[in-house]
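Student: Submitted below is the structure of interest, expressed as structure tokens.
The values are calculated or read from the model by the stated rules, or taken from the named source; none is laboratory data. These numbers come from a predicted model, not from an experiment. Heads up, the Cβs are rebuilt from the backbone with ideal geometry, glycines too, and the neighbour counts pull from every protein chain shown.
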Amino acid sequence: MSRSIKRDAATLLVGAIVGAGALYVTQNDPADLPGKAMSLYVGLLGGDGEAHAESTRGEPRPETVAAAGAKKDDGHGPEETSGKDDGHGHAAGEKPHKDDGHGHGDEKPGTDDGHGNDKPKADAGGKPLAVAAIDAEGAAKDDGHGHGAEGEGELPEGVVKLDDAKVRAAGVALATAGPATLREELQLHGVVQANQEATVQVTPRFPGVVRTLTKRLGDQVKKGDLLAVIESNQSLTSYDLKAPITGVVTGRQASLGEYVSEQKPAFVVTDLSTLWVDFSVYRRDLSKVTVGEAVRIDPEDGGAPIPATIAYVAPIGAADTQSALARAVISNDGRLRPGLFATGALRTAERPVDLAVSIAAVQSIEGRDVVFVREGDRFEARDVVLGRRDGAMVEVTSGLTAGDAYAEKNSFVVKAELAKGSASHEH
């Protein structure tokens, strides 16, 4: 075959190949069309532009094989219709799609984590929905201070947990809210006196000199006990000075060898089994105080009040204090002594109320009156509105119901525990 015929055949072959290559490049990268065409042409014609005949073994030139391979597969291009694989497990005829380089198909972005595990869908903020759900659950369980949810230990505001053992250890006493009778009382202030009707001044019958003294100030004596021996100046004989009543020596004005006479008492003996409590009553309250009225006297020693009655009201007032004296007589149990102050509460009226609690149960929190109500092993601070009161009880007009158990004694301990729990949340 002549050289011209070979050249024409080569030109036709190159045209066909360039046409196919142009179609391929146009679909993938149109800008690279001239370069791909020139590469194929040079590969077929050789460096001098002439076509070379196939070898006697019928094998194509290496450059031709490389050019053909470039046409068939660029390493990541779409599959040939011939059914060949692109090296990543994609079958022929499949729709071209993007590949992540790990053999995963055209799954929607974000559905795989690159290791064969499907990724959760994302929320509007870009956070995976499963993670957002866990965060929401964690937010419900944790308040940001290491405290669990309410059902797992966090207590509502105004509630403190104290089991029965802690209540007993703190000395908190419980009472029940319910109906009560309020007693209006007049507060009185007074001083304790010896019962002057049970006081005797012991005076010598004859003047003389004290030769013997047997009793001192504060000694207990019985009726007829010897107090002193006195030598009379008139007869120069001695006589005995004896106790006229049973009681205590509350005064002595005689000394050994001293001259005594009937002009002044040598001893004072007082029966202290009963005492007087003299109260000052101001003029505005005189109409409320009458003989026979009940009065409770507080020795202010932490014990219970001493019950008594008004035995005397002075008909004459004191000009300097503009008050009158009201006296109560009490039995002496050792809690009161002459000369000490005392307070009394005189009942003037009684009023029944539907609901009341002990005054000691009312505590103040941030300017609010509260009562701690017992519910199981907890105390809840209930806001209350208070009404009338007496010395021990106070009316509750709202905030409680009859039958509520509340902290009556040592309620301040519950308040302290509540404050301690509140402080622990203030990080």
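Student: Looking only at the range 394-408, which residues are surrounded by 15 or more Cβ atoms within 10 Å (Cβ to Cβ) and farther than 26 Å from Asp164 by Cβ?
Tutor: Residues satisfying the conditions are Val394, Glu395.
Student: Further, regarding this structure: Take the range 336-359 and flag every residue that is out of contact with any Asp or Glu (no Cβ under 6 Å at 6 or more places or on another chain), surrounded by 14 or more Cβ atoms within 10 Å (Cβ to Cβ) and small (Gly, Ala, Ser).
Tutor: Scanning the range 336-359 gives Ala342, Gly344.
Student: Among the residues of the range 255-307, what is the count of those that are charged (D, E, K, R) and assigned to a loop (DSSP other than H, G, I, E, B)?
Tutor: Of the range 255-307, the ones charged (D, E, K, R) are 258, 262, 264, 271, 278, 283-285, 288, 293, 296, 298, 300-301.
Adding the requirement that they be assigned to a loop (DSSP other than H, G, I, E, B) leaves 258, 262, 264, 271, 293, 300-301.
Final tally of qualifying residues: 7.
Student: Scan the range 297-315 for residues that are β-branched (Val, Ile, Thr) and over 16 Å from Leu325 (Cα atoms) and report the count. Give the steps one after another, and end with the answer.
Tutor: Kept after step one, since they are β-branched (Val, Ile, Thr), are these residues of the range 297-315: 297, 306, 309-310, 313.
Pick out the ones that are also over 16 Å from Leu325 (Cα atoms) and you get 306.
Looking only at that region, the number is 1.
Student: Is it true that some residue in the range 229-238 is in contact with a Lys or Arg (Cβ under 8 Å, 6 or more places away or on another chain), under 28 Å from Ala326 (Cβ atoms) and outside the structural domain of Leu188 (by TED's automatic domain parsing)?
Tutor: Looking only at the range 229-238, we keep the residues that are in contact with a Lys or Arg (Cβ under 8 Å, 6 or more places away or on another chain), and these are 229-231, 238.
Narrowing the set further to residues that are under 28 Å from Ala326 (Cβ atoms) leaves none.
Within the range 229-238, not a single residue is in contact with a Lys or Arg (Cβ under 8 Å, 6 or more places away or on another chain), under 28 Å from Ala326 (Cβ atoms) and outside the structural domain of Leu188 (by TED's automatic domain parsing).
Student: Every residue in the range 194-248 that is among the polar types (S, T, N, Q), within 30 Å of Tyr282 (Cβ to Cβ) and surrounded by 15 or more Cβ atoms within 10 Å (Cβ to Cβ), please.
Tutor: Applying the first criterion (among the polar types (S, T, N, Q)) to the range 194-248 yields 195-196, 199, 201, 203, 212, 214, 220, 232-235, 237-238, 246.
This time we only want the ones that are within 30 Å of Tyr282 (Cβ to Cβ), so: 195-196, 199.
Matches in the range 194-248: Asn195, Thr199.
Student: State which residue pairs qualify: first residue in a helix (DSSP H, G or I) and inside the range 401-415, second residue modelled with pLDDT of 90 or more in any location, beta carbons under 6 Å apart, and separation of 6 or more residues or different chains.
Tutor: Close Cβ pairs (under 6 Å, with a partner that is modelled with pLDDT of 90 or more) amount to Ser411/Ala361; Ser411/Gln363; Ser411/Phe372; Val413/Val172; Val414/Phe372; Val414/Phe379; Val414/Ala407; Lys415/Gln363.
Student: Could you grab the pairs with beta carbons closer than 7 Å, sequence gap of 6+ or different chains, first residue in the range 296-308 and touching a residue at least 40 places away in the same chain (Cβ under 8 Å) and of a type in the set (Val, Ile, Thr), second one surrounded by 13 or more Cβ atoms within 10 Å (Cβ to Cβ) and assigned to a loop (DSSP other than H, G, I, E, B)?
Tutor: Ile297/Pro305
Student: When you go through (1) at pLDDT 95 or above; (2) more than 15 Å from Leu188 (Cα to Cα); (3) of a type in the set (Phe, Trp, Tyr) one by one for Phe379, which number turns out not to apply?
Tutor: Just one mismatch for Phe379, condition (1).
Student: Which numbered condition in (1) touching a Pro at 6+ places or on another chain (Cβ under 7 Å); (2) farther than 14 Å from Asp271 by Cβ is the only one that Lys223 fails?
Tutor: Failed condition: (2).
Student: Which residues, counting only those in the range 230-245, are of a type in the set (Val, Ile, Thr) and either without any contact (Cβ under 8 Å) to a residue 24 or more places away in the chain or touching a Cys at 6+ places or on another chain (Cβ under 9 Å) (or both)?
Tutor: Thr237 - this is the single residue of the range 230-245 that is of a type in the set (Val, Ile, Thr) and either without any contact (Cβ under 8 Å) to a residue 24 or more places away in the chain or touching a Cys at 6+ places or on another chain (Cβ under 9 Å) (or both).
Student: Residue by residue through the range 274-314, note down the ones that are within 47 Å of the chain's Cα centre (by Cα), among the hydrophobic types (A, V, I, L, M, F, W, C) and surrounded by fewer than 17 Cβ atoms within 10 Å (Cβ to Cβ).
Tutor: Once the filter is applied, which keeps residues that are within 47 Å of the chain's Cα centre (by Cα), among the hydrophobic types (A, V, I, L, M, F, W, C) and surrounded by fewer than 17 Cβ atoms within 10 Å (Cβ to Cβ), the range 274-314 yields Ala294, Ala304.
Student: Same structure, new question: Could we say that Gly317 is at pLDDT below 90 and either of a type in the set (Gly, Ala, Ser) or surrounded by 11 or more Cβ atoms within 10 Å (Cβ to Cβ) (or both) here?
Tutor: Working: at pLDDT below 90: no; either of a type in the set (Gly, Ala, Ser) or surrounded by 11 or more Cβ atoms within 10 Å (Cβ to Cβ) (or both): yes.
No.
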